[in-house]
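Below: the structure, in structure tokens.
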Amino acid sequence: MDVQYWTYLIVGLTFALYIGIAIWSRASSTGEFYVAGGGVPALANGMATAADWMSAASFISMAGIISFVGYDGSVYLMGWTGGYVLLALLLAPYLRKFGKFTVPDFVGDRYYSRTARIVALMCALFVSFTYICGQMRGVGVVFSRFLFTEDMEMLFGWEQITWGVLIGMTIVFFYAVLGGMKGITYTQVAQYCVLIFAFMVPAIFISIMMTGNPIPQLGFGAQVTGEDVYLLDKLDGLSQELGFAAYTDGSKSMMDVFFITMALMVGTAGLPHVIIRFYTVKKVSAARVSAFWALLFIAILYTTAPAVSVFARTNLLESIPGKSYAEAPDWLKSWESTGLIAWIDKNDDGKIQYEKGDAFTGKPVYDDAEAGKNGERLLVNEPTSNGNELYVDRDIIVLANPEIAGLPNWVVALVAAGGLAAALSTAAGLLLVISTSVAHDLVKKTFAPGLSDKKELTIARCAAGAAVVIAGYFGINPPGFVAQVVAFAFGLAASSFFPVIIMGIFDKRMNREGAISGMIVGIVFTAAYIIYFKFINPAANTKENWWFGISPEGIGTLGMIFNFIVAITVSFFTPRPPQDVVDMVEGIRQPEAEGEELAVADH
Amino acid sequence: MSDENSSKPPANAYWRANLIWVGILMTIWFVVSYGCGILFVEELNKIRIGGFKLGFWFAQQGSIYVFVVLIAAYVLIMKKLDHKYSKKN
């Protein structure tokens, strides 16, 4: 069977599974809709958290990015896993003990302030929306790459990617609106299984091919099959021969690596769609256990990804540079036809030169009126003056892996299903945060405290529906700044939520005045720095102009430090928090009674 | 973080034990990731284990394994503490 049919079959089967689960686990109350009734087993919650967390970016793009930056890619590996230690030790158990549904709930009650609640609510909405637009785009990209071919006649003459986003929207809409957190949780469990299987199968095969070791985590530290050299040494050598930095050395400054890693860790621990998952378990101890499962499941992918990066990079550097186009491997041509690879024969020798630097400016734009001398697709892009002739999209590392390894067609189809599972599960989790924020924090707690449970549930469903449509719109018409805003999401979570929750638990003296001024200083500083370098004056976005050499990606860490300093200083000069708040903080620090199961707060 | 001991002692013992363990585990967390993986990466890269330079290994593998173990340790420690202190109440 060819790739196309396998893809239809496997993607079709997984979608049927997701929808089946959604029907089986419909939510009937707000408690079920927001936090799955607070009754999800720790293991299942860990798996759901892992799927929730690992987005299309983790699945498709991360191994590719690391492949091209080597050691510097460690910021993502450590940053996106180390945050779970913070969650398990400093946040999740206490938030679960506190009960209720959301982060703004905690902020509003702990700091006895509507203003604080609304600031937290706005941050939650902003962070979730930035994130979800990227996910919808990811769904569209996977669909258009695997399910539709480029010359396929599309209904209404719309683009492939538009249809991809629309189908993704429909699926997510169906199970998020119907099932709420309960439906999402159990679909995410299924999605985790699909995505991890799809990621591991090609990785294991390639590891065996290149090093003879079936465990990729060990394989990339092993010797190359049939040669007396370690794989990483070989890759360092190949990289330096072509003028790249050695793979195992970075090119970022140590200061910047430190700050970016910290911002990503702290940001992860402060992301509302991750935190909310810990409200769904029965007990405080289960919140800790599910953080353990979550990180374990995440670690399987995150320790395999750097191995995949090394295998693919070595493969690329070995099989392409200096080869003539005619003798280049087939996958080069098949991915060239999808626009992820481009070659521009600058010196007209028919051979592919691959060196440091961009081959041309921007993404490739092809002129398919006629083929080039060697049969390649011609480009209209302006070539740069360096010697590099090859453009390689980073996503190719994961997407083309099965083909490079010569794996059967069903594995290629599996990767498509895995990419979709990763994008859909994250999108659904974010949708839920948005609908909860709107229905619970905004409508119920801010405007209409007397709302009945049934009405609130209806509003939550409508909000989820509206959010799908908005996210879908931005998925089809992505604002040019989507990639830039991701730095925003982490920076804001790091500089606002994280300090405010930590101080709420660990500093009894922290009061309303301190928390609000800290949040405002943290957010304004971080946002101003990012907006200046990313939007107002992108030309100045270089090492020399950054404060202490910290890039906009890492500035959230400094924002967090300012938040702490300002909040603690202000709290010393303003009145203590009222006694009932102090008692509440004391309460969440107590051990839970044996056998106690926390009820989901009724309100 | 500042913490005044304004309330009853028995509950505080649980909290204090918790804080000590959190402090120990967070120190390890910092040392393996920021220490071994970033600040001292060049020194550690002079040491090799198989094909891995040690600093590089910590940054892309070792720190993640340690994170998993840290959470597992905390789960077990708190299980003990919960058991010990919730009986008294």
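Calculated FRET efficiency, A:Trp24 and A:Gln579, Cβ-Cβ r, R0 45 Å, to nearest 0.05? Between A:Trp24 and A:Gln579 the formula returns 0.45.
Within the stretch A:372-400, name every residue whose backbone N is under 16 Å away from a label modeled 7 Å from Cα of A:Ala326 along the Cβ vector. Those under the cut-off are A:372-376. Counting Cβ atoms of other protein chains within 10 Å of each residue's Cβ and taking the mean over peptide A:250-260 gives 2.
Counting only DSSP beta bridges with both residues in chain A, what percent are antiparallel, rounded to the nearest 5? In chain A, approximately 90 percent of DSSP beta bridges are antiparallel ones.
Sorted largest first by accessible area at a 1.4 angstrom probe radius, with every protein chain in place, the residues B:Arg16, A:Arg461 fall in the order B:Arg16, A:Arg461. Helix A:231-241 axis versus longest C-alpha principal axis of chain A: approximately 60°, rounded to the nearest ten. A simple rule links phi to the HN-Hα coupling: the Karplus curve 6.51 cos²θ - 1.76 cosθ + 1.60 with θ = phi - 60°, which for the stretch A:351-363 gives 9, 8, 8, 10, 9, 5, x, 7, 6, 7, 8, x, 7 Hz, with x for Gly and Pro. The local environment of A:Arg461, defined by Cβ-Cβ distances under 15 Å, has a net charge of +2 under the rule Lys, Arg +1 and Asp, Glu -1. Equivalent ellipsoid of the protein assembly as shown: semi-axes from √(5λ) of the C-alpha gyration tensor, largest first, are 43, 29, 24 Å. Considering the zone a paramagnetic label at A:Phe197 would reach in this model (a point 7 Å from Cα along the Cα-to-Cβ line), which residues of the stretch A:410-454 have amide N under 18 Å from it? Flagged as within label range: A:410-425. Summarising the label geometry, the points placed 7 Å from Cα in the beta-carbon direction at A:Asn537 and B:Leu76 lie 5.4 nm from one another. You can think of it this way: the chain between A:Thr225 and A:Trp410 has 64.0 nm of extra reach, that is 0.36 nm per residue less the Cα-Cα gap. Within a straight-line Cα-Cα reach of under 23 Å, A:Lys534 can be paired with the following lysines, leaving aside sequence neighbours fewer than 8 residues apart in one chain: A:Lys252, A:Lys363, A:Lys543.
Rolling a 1.4 Å probe over the protein chains gives A:Glu327 an accessible area of about 120 Å². Working ranking of peptides A:101-108, A:467-474 by packing, defined as the average number of other Cβ atoms within 10 Å per residue, highest first, is A:101-108, A:467-474.
Applying a threshold of 30 Å to the alpha-carbon distances of A:Lys444/A:Lys508; A:Lys444/B:Lys80; A:Lys508/B:Lys79 flags A:Lys444/B:Lys80 as lying beyond it. Taking 0.36 nm per residue of separation and subtracting the current Cα-Cα distance, fully stretching the chain between A:Tyr8 and A:Thr338 would add 116.9 nm.
Full extension of the chain between A:Thr361 and A:Trp158 gives 70.3 nm of extra length, using 0.36 nm per residue less the Cα-Cα distance. Look at the stretch A:285-294: the mean tally of other chain Cβ atoms within 10 Å of its residues' Cβ atoms is 4. Partner shielding of A:298-308 amounts to 3, given as the average count of beta-carbon atoms from other chains within 10 Å of each residue beta-carbon.
Taking each DSSP H run with n ≥ 4 as -39500 (n - 2.57) and averaging over every residue of chain A yields -20000 deg cm²/dmol at 222 nm. Heavy-atom accessible area with a 1.4 Å probe sorts B:His83, A:His440, largest first, into B:His83, A:His440. In the complete set of protein chains, residue-level accessible area for A:Trp163 is approximately 50 Å², probe 1.4 angstrom. Using Cα centres only, tell me the gap between the stretch A:295-337 and the stretch A:390-410 in whole Å. Cα centroid of the stretch A:295-337 versus Cα centroid of the stretch A:390-410: 6 Å apart. Site pair B:Ile49 and B:Arg16 shows an inter-label distance of 3.7 nm when each label is modelled 7 Å from Cα along Cα→Cβ. Report, in degrees rounded to the nearest 10, the 0 to 90 angle that the Cα long axis of helix A:254-270 makes with the longest principal axis of chain A. Its long axis makes an angle of about 50 degrees. Ranking of A:Arg277, A:Arg512, A:Arg576 by solvent-accessible surface, largest first: A:Arg576, A:Arg512, A:Arg277 (1.4 Å probe, protein heavy atoms only, all chains present). Against chain A, whose longest principal axis is taken from its Cα atoms, helix A:3-24 shows a tilt of about 10°.
The accessible area of A:Phe68, taken with all protein chains in place and a 1.4 Å probe, comes to roughly 50 Å².
The values are calculated or read from the model by the stated rules, or taken from the named source; none is laboratory data. In this text, all values refer to a predicted model and were calculated from it rather than measured experimentally. For neighbour counting, all protein chains shown are included, and Cβ atoms are generated from backbone atoms with ideal geometry for every residue, glycine included. To get the accessible areas, we keep the full protein, side chains included, count just its heavy atoms, and leave off ligands, DNA and RNA. Shrake-Rupley method; radii C 1.70, N 1.55, O 1.52, S 1.80 Å.
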